[in-house]
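Some notes on the structure that comes next.
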Amino acid sequence: MQVWRTIERILKRGEPCALVSVLAVNGSAPREAGARMIVTASGGFHGTIGGGALEWHTLGLAQRLIARPGSEAVIEKKVLGPDLGQCCGGVVDLLIEGFEAGDLAHVAGLAAAEAAGPFATTATPGGRHLARRLDARRLDERVDGAAAMVRKGDGTIAEVFGARRRAVVLFGAGHVGRALMLALAPLPFAVRWVDPRPAAFPAHVAGNVSLDARGDPGLAVAEAPEGAFIVIMTHSHGLDLAVLDAALTAGGFAYVGVIGSATKRARFASRLRKAGHGEDAVSSFVCPIGIEGIGSRLPAAIAAGVAAQLLQRDELVKTAVRPLNIARQRA
């Protein structure tokens with residue numbers, strides 16, 4: 001969710017709103033620090049802090065703050081078991097801030113920063129909402145290495161806005177490719193969708209998708225960033241093999257997967273060895289793709305399994321001490 005662009009859009013239509021943020025978590029809780037939800041005066045909301053009793057209770061708190069113009073931001077501590085009857089057992093600190101028409105200029109500046117990509121802020125409590133200023137630190141020096149929101153000892157609050165999206169290069173715009181594009185739409189991936197047949201793409205695609213219809217799909221491999229996921233499901237087994245060969249030659253990708261059966265994998269592995277690839281490279285690609293246990297051949301079911309596998313691999317890559325794939329060989 002683009003927090004500030006959403007708030008800007010709400011304020012421009014003349015409606016006040018509240019921003020609810022999970023400020024801190026101790027123990028088990030539905031969401032992590034930095035999870036956010038925007039609540040409007042008309043009762044609508046965007047995002048989630050985890051659903052259930054905590055979210056339902058917080059929606060009421062946010063509505064009451066909106067109804068009192070000029071009210072200061074609220075920090076609310078909830079012990080999930082005794083206070084709300086939730087079994088999580090943790091303690092959650094919530095920050096609830098109000099925004100009105102007079103805040104539009106401040107919000108617009110943050111929305112412009114958000115449009116340019118992930119960014120950090122340092123915020124000072126006090127008033128109807130935090131006084132945020134842009135933080136020049138690189139985002140690989142995140143607040144504490146992980147959390148998107150941290151309350152410091154001096155009372156300031158460090159935040160990160162904007163999702164870091166794993167690059168996915170998806171080859172093939174057939175039925176499963178279309179289904180996978182949709183499955184990845186709400187997930188933290190930036191998808192480059194590649195097919196040399198321009199007419200194969202649908203008229204509309206998800207906001208995290210860019211199209212590439214160049215005649216040489218190998219160009220997309222060459223341009224893919226290190227650590228990207230390569231997913232191959234073209235209309236041609238020959239093209240699948242060519243893209244796979246290019247990906248393994250380049251190296252440095254965190255996932256290289258090809259749609260197909262165990263038989264297809266064995267044939268591709270044999271041809272790759274004959275082309276000069278070593279066993280490390282041959283053993284590194286995934287085929288069949290998708291998590292185990294899904295027997296359906298419906299495109300949407302296959303896509304769901306692949307999306308789940310990509311999420312699993314993304315978590316592994318984030319926590320791995322060293323890369324999961326062979327080192328990149330390109331110059």
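For region 207-220, filtered to residues that are at pLDDT 95 or above and touching a helix residue (DSSP H, G or I) at 6+ places or on another chain (Cβ under 7 Å), the residue that is farthest from ASP245 (Cα to Cα) is VAL209. For region 250-264, a residue qualifies if it is crowded, with 17+ Cβ neighbours inside 10 Å, at negative phi and without any contact (Cβ under 8 Å) to a residue 40 or more places away in the chain, and exactly one does: VAL258. Listed by position, the strands (runs of 3 or more DSSP E) enclosed by region 3-76 include none that has at least 2 residues that are outside the structural domain of LYS152 (by TED's automatic domain parsing). Taking residues in region 218-237 that are under 12 Å from PHE171 (Cα atoms), and partners anywhere that are surrounded by fewer than 15 Cβ atoms within 10 Å (Cβ to Cβ) and of a type outside the set (Asp, Glu), the pairs with Cβ atoms closer than 8 Å and at least 6 places apart or on different chains are ALA220/ARG214; HIS235/ARG197. Look at (1) in contact (Cβ under 8 Å) with a residue 60 or more places away in the chain; (2) among the small types (Gly, Ala, Ser); (3) loosely packed, with under 12 Cβ neighbours inside 10 Å and you find that ALA203 fails only one, number (1).
A residue that is surrounded by fewer than 19 Cβ atoms within 10 Å (Cβ to Cβ), over 21 Å from TRP4 (Cα atoms) and under 26 Å from the mean Cα position of the chain (by Cα) cannot be found anywhere in region 121-130. How about region 109-139: which of its residues are part of a helix (DSSP H, G or I) and among the aliphatic types (A, V, I, L, M)? Selection gives LEU110, ALA111, ALA112, ALA113, ALA115. Kindly indicate which of SER28, SER42 is surrounded by fewer than 17 Cβ atoms within 10 Å (Cβ to Cβ), touching a Cys at 6+ places or on another chain (Cβ under 6 Å) and in contact (Cβ under 8 Å) with a residue 12 or more places away in the chain. Among SER28, SER42, only SER28 is surrounded by fewer than 17 Cβ atoms within 10 Å (Cβ to Cβ), touching a Cys at 6+ places or on another chain (Cβ under 6 Å) and in contact (Cβ under 8 Å) with a residue 12 or more places away in the chain. For ASP195, the criteria (1) in the same structural domain as LEU311 (by TED's automatic domain parsing); (2) at pLDDT below 95; (3) acidic (Asp, Glu) hold in every case but one, which is (2). Just one of the listed residues (LEU180, LEU187) is outside any helix (DSSP H, G or I) and at pLDDT 90 or above, and it is LEU187. Among residues of region 186-200 being farther than 21 Å from PHE253 by Cα and not hydrophobic (A, V, I, L, M, F, W, C), the one that is surrounded by the most Cβ atoms within 10 Å (Cβ to Cβ) is PRO196.
A single entry from ALA183, ALA148 fulfils the requirement of being out of contact with any strand residue (DSSP E or B) (no Cβ under 7 Å at 6 or more places or on another chain), buried (at least 19 other Cβ atoms within 10 Å of the Cβ) and touching a residue at least 60 places away in the same chain (Cβ under 8 Å): ALA183.
The values are calculated or read from the model by the stated rules, or taken from the named source; none is laboratory data. Small disclaimer: the values here were computed from a predicted structure and weren't measured. Positions of Cβ are generated from backbone atoms using ideal geometry, with glycine treated the same way; all protein chains shown enter the neighbour counts.
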